[in-house]
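Chemist: If you scroll down you'll find the structure; I have some questions about it.
The values are calculated or read from the model by the stated rules, or taken from the named source; none is laboratory data. Values in this document were obtained by computation on a predicted structure and should not be read as measured data. Neighbour counts are summed over all protein chains in view; Cβ atoms, including those assigned to glycine, are modelled from backbone coordinates with ideal geometry. Ligands, DNA and RNA are excluded from the accessible area calculation, which covers all protein heavy atoms including side chains. Shrake-Rupley method; radii C 1.70, N 1.55, O 1.52, S 1.80 Å.
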Amino acid sequence: MPDRTFFTTAIDYTNAAPHIGHAYEKVLTDVLARFERLCRRPVYFLTGVDQHGQKVQQSAEKEGLSPLEFAEQCTAKFLALWSTLGVEFDGWAATTHPLHKQAVQRILQRLFEDGQLYKQGHRGFYSVRQEQFLTDKERNEAGEFGPEWGQVVELEEENYYFRLSAHKDWLLSFIDTHEKFVLPAFRRLELRNAVERLSGDLCISRPKKRLSWGIELPFDPEFVTYVWFDALINYISFAGYLADPGSGLPEFRSLWPAKAHVIGKDILIPAHGVYWPIMLHAIGFSDDEIPTLLVHGWWNISGAKMSKSLGNAVDPVVLAERYGVSALRYYLMADISTGRDADFSEERLRMRFNDELANNVGNLLNRSLNMAHRYRQGILRAATTTDADLLALSEGEAPRAVAAYTQAMEHYQIDASLEAAVGLARTCNQLIESSAPWKLAKDPDQAARLDAVLYHLAEALRLVAILLSPVLPEAALGILAQLNVAAPPHLADAVWGGLPDGHLLGTPVPLFPRLEAPPAAAD
Ligand code: MSP
């Protein structure tokens, strides 16, 4: 068994700048990894870039650059974005890395020697955009290859094929017996139907005369490896699979199997749901060593697909500058349910931030600290209380919120986990209204009640900060600093009563200033 929880993401094509969809997937996985750290469970988060293939070669040609120069330029944009967005990964999978190339070639050599690969000639129609030969199944009702295939040319060439269909029955029974192979469940059914229809083998080579930007086949230097075959292997190559001792890569058995490959719905069928498990199976991985695919939905624009070619791609760099990283991370995690699609809207980004963070959590922090300073010089009293409304918070609402949060996080439902955290803050704002500390402060007989209310507000805020920390690491530290809590967030500390009697609170500083629409808003 691995000793670390291992998450991977899809590796992004380096043929264009990152958009909000790429950012979503990486922030989602960052949040999952941060939750593991919050639970003090060892975690390893691998992400990276898919630098080979025809698209990169073509984009590089257009720019007058070598494929490597172009891929590296593009890679730098992804790396800069992850640093801006606080995406903290442990391993970086860039497929031009020599150790990755070595692993891909070792795997190909093994499969070749094992009879899993064979060479064959083929004449047919080839989609340049999708980098694949087309069959009659791909023709539309008019009998043509539709615009989604881009330029289609007739080609004849020899290539190497991987015996995919030999493993079809195994894959069907694997899907049937492994409920958790694909999450959410409806995607598993979709995949099963696709596998039923599977026929033929997978072409895993490209002749160098047509495409030179790839990893050379170790047994035939006239060919490079098909980009998907190369890219999928990143999940094991960068985890140390088949690496020599002292390579600097992790110890493979300490990581594998990955707990989840986090991918978008467009790359489930056939790449991750068909090719990848069959590749692992053919290399000799057991059924228990095949990771779960966590399939997320898409961010669309008014229901339509976002893409560079349509000119509607949302630039995360612009949004982070305009609204700040906290607002962007919060929106991307709160306004989509993992597995489903969502519509991206700047107006909703502002609205959710203002309603849930500025007016709710931020306001609670500010009011609570101000009152504690005004009435009690910032000092908390931790006496026991019998007040029903306060007990309902400390013994009911707060532990329920922590439990609901944990349950949602363990099931990758980040939106629900945020609702639990924000809901607790909302309850506290209501408590301020109903208990009216400004009235209590005027009545000496209510001194104990006022102390208890102020303690409850501060203590609930401490829990809210811990719960928000995977999504809003900086803001959570900001809340804790204002509460004068130095310990880094730890889920085990999210139990009532952590602030000691006599605790001195820090000074309030606005953390979530309200967002305004920019003068010429894009939406
Ligand atoms: N390079 C391949 C993946 C190889 S993994 C071995 C690829 N790259 S990609 O750049 O096109 O997409 C990277 C990830 O971003 C994919 O998981 C994809 O689903 C995701 N997204 C791309 N557009 C998206 C949205 N609009 N919304 C959410 N995620 C989307 O595919």
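Chemist: Looking only at segment 42-57, count every residue that is of a type in the set (S, T, N, Q) and either within 12 Å of the chain's Cα centre (by Cα) or within 11 Å of the ligand (Cβ to nearest atom) (or both) and tell me the total.
Modeler: Number of matching residues: 2.
Chemist: In segment 22-41, is there at least one residue being of a type in the set (Gly, Ala, Ser) and either within 10 Å of the ligand (Cβ to nearest atom) or open to solvent by 10 Å² or more (accessible area, probe 1.4 Å) (or both)?
Modeler: yes
Chemist: Go through (1) under 19 Å from Gly48 (Cβ atoms); (2) open to solvent by 10 Å² or more (accessible area, probe 1.4 Å) one by one and return the number of the condition Lys308 breaks.
Modeler: (1)
Chemist: I'm trying to understand the selection: among the residues of segment 358-371, which are under 14 Å from Thr427 (Cβ atoms) and buried (at least 22 other Cβ atoms within 10 Å of the Cβ)?
Modeler: Val361, Leu364, Ser368
Chemist: Give the residues of segment 237-274 that are of a type in the set (Phe, Trp, Tyr) and either in contact with a Leu (Cβ under 6 Å, 6 or more places away or on another chain) or under 23 Å from Glu36 (Cα atoms) (or both), sorted by residue number.
Modeler: Phe238, Phe252, Trp256
Chemist: Still on this structure, please answer the following. Restricting to segment 381-411, name every residue that is open to solvent by 20 Å² or more (accessible area, probe 1.4 Å), hydroxyl-bearing (Ser, Thr, Tyr) and under 23 Å from the mean Cα position of the chain (by Cα).
Modeler: Thr406
Chemist: Taking only pairs six or more apart or across chains, which ones have beta-carbon atoms under 7 Å, a first residue in segment 1-17 that is near the ligand (Cβ under 8 Å from one of its atoms), and a second residue that is among the aromatic types (Phe, Trp, Tyr)?
Modeler: Asp12/Phe78
Chemist: Of the numbered conditions (1) in contact (Cβ under 8 Å) with a residue 60 or more places away in the chain; (2) within 16 Å of the ligand (Cβ to nearest atom), Trp228 fails exactly one; give the number of that condition.
Modeler: In the conditions (1) in contact (Cβ under 8 Å) with a residue 60 or more places away in the chain; (2) within 16 Å of the ligand (Cβ to nearest atom), Trp228 misses (1) alone.
Chemist: Moving on to the next point. Taking only segment 305-340 into account, find how many residues are in contact with a strand residue (DSSP E or B) (Cβ under 9 Å, 6 or more places away or on another chain) and hydrophobic (A, V, I, L, M, F, W, C).
Modeler: Going through segment 305-340 one residue at a time, the tally reaches 6.
Chemist: Give segment 1-49 a look and list any residue that's assigned to a strand (DSSP E or B) and among the small types (Gly, Ala, Ser), or say none.
Modeler: Passing the criteria: only Gly48.
Chemist: Can you tell me which residues in segment 479-497 are surrounded by 18 or more Cβ atoms within 10 Å (Cβ to Cβ) and either out of contact with any Gly (no Cβ under 6 Å at 6 or more places or on another chain) or on the phi > 0 side of the Ramachandran plot (or both)?
Modeler: Ile479, Leu480, Leu483, Val485, Pro489, Leu491, Ala494
Chemist: Sticking with this one: Quick one: in segment 69-120, which of the residues that are open to solvent by less than 70 Å² (accessible area, probe 1.4 Å) and of a type in the set (Ser, Thr, Tyr) is nearest to Pro207 (Cα to Cα)?
Modeler: Tyr118
Chemist: Another question, if that's okay. Kindly indicate which of Leu155, Leu183, Leu217, Leu211 is open to solvent by less than 60 Å² (accessible area, probe 1.4 Å), within 30 Å of Arg340 (Cα to Cα) and in contact (Cβ under 8 Å) with a residue 12 or more places away in the chain.
Modeler: Matching residue, one of Leu155, Leu183, Leu217, Leu211: Leu183.
Chemist: Go through segment 158-167 and count every residue that is under 17 Å from Tyr226 (Cα atoms) and open to solvent by 20 Å² or more (accessible area, probe 1.4 Å).
Modeler: Counting residues in segment 158-167 that are under 17 Å from Tyr226 (Cα atoms) and open to solvent by 20 Å² or more (accessible area, probe 1.4 Å) gives 3.
Chemist: Go through the residues of segment 498-516 one by one and say whether even a single one is in contact with a Leu (Cβ under 8 Å, 6 or more places away or on another chain) and part of a helix (DSSP H, G or I).
Modeler: No, that holds for no residue.
Chemist: If Pro470 satisfies every condition in (1) outside any helix (DSSP H, G or I); (2) open to solvent by 60 Å² or more (accessible area, probe 1.4 Å) but one, which is the exception?
Modeler: (2)
Chemist: So, in segment 235-252, exactly how many residues are away from the ligand (no atom under 16 Å from the Cβ) and crowded, with 17+ Cβ neighbours inside 10 Å?
Modeler: Number satisfying all stated conditions: 5.
Chemist: Something else about it: Somewhere in segment 253-265, is a residue within 13 Å of the ligand (Cβ to nearest atom), part of a loop (DSSP other than H, G, I, E, B) and over 21 Å from Ala93 (Cβ atoms)?
Modeler: No, because not a single residue in segment 253-265 is within 13 Å of the ligand (Cβ to nearest atom), part of a loop (DSSP other than H, G, I, E, B) and over 21 Å from Ala93 (Cβ atoms).
Chemist: At least 2 residues that are among the hydroxyl-bearing types (Ser, Thr, Tyr) in each: list the helices (runs of 4 or more DSSP H) lying fully within segment 312-426 that qualify.
Modeler: 325-334, 363-376, 398-410
Here's the yes/no breakdown for (1) open to solvent by 40 Å² or more (accessible area, probe 1.4 Å); (2) among the small types (Gly, Ala, Ser); (3) within 13 Å of the ligand (Cβ to nearest atom):
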residue: Val314; (1), (2), (3): no, no, yes
residue: Asp335; (1), (2), (3): no, no, yes
residue: Asp341; (1), (2), (3): yes, no, yes
residue: Glu346; (1), (2), (3): no, no, no
residue: Glu356; (1), (2), (3): no, no, no
residue: Ile379; (1), (2), (3): yes, no, no
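Chemist: Now for a different question. Test Thr5 against the stated conditions and say whether it is of a type in the set (S, T, N, Q) and open to solvent by less than 10 Å² (accessible area, probe 1.4 Å).
Modeler: no
Chemist: Pull up segment 273-282, narrow it to residues that are touching a residue at least 60 places away in the same chain (Cβ under 8 Å) and surrounded by 18 or more Cβ atoms within 10 Å (Cβ to Cβ), then point me to the one that is farthest from the chain's Cα centre (by Cα).
Modeler: This residue is Ala282.
Chemist: Gly396: modelled with pLDDT of 95 or more and farther than 30 Å from Phe7 by Cβ, yes or no?
Modeler: Criteria met by Gly396.
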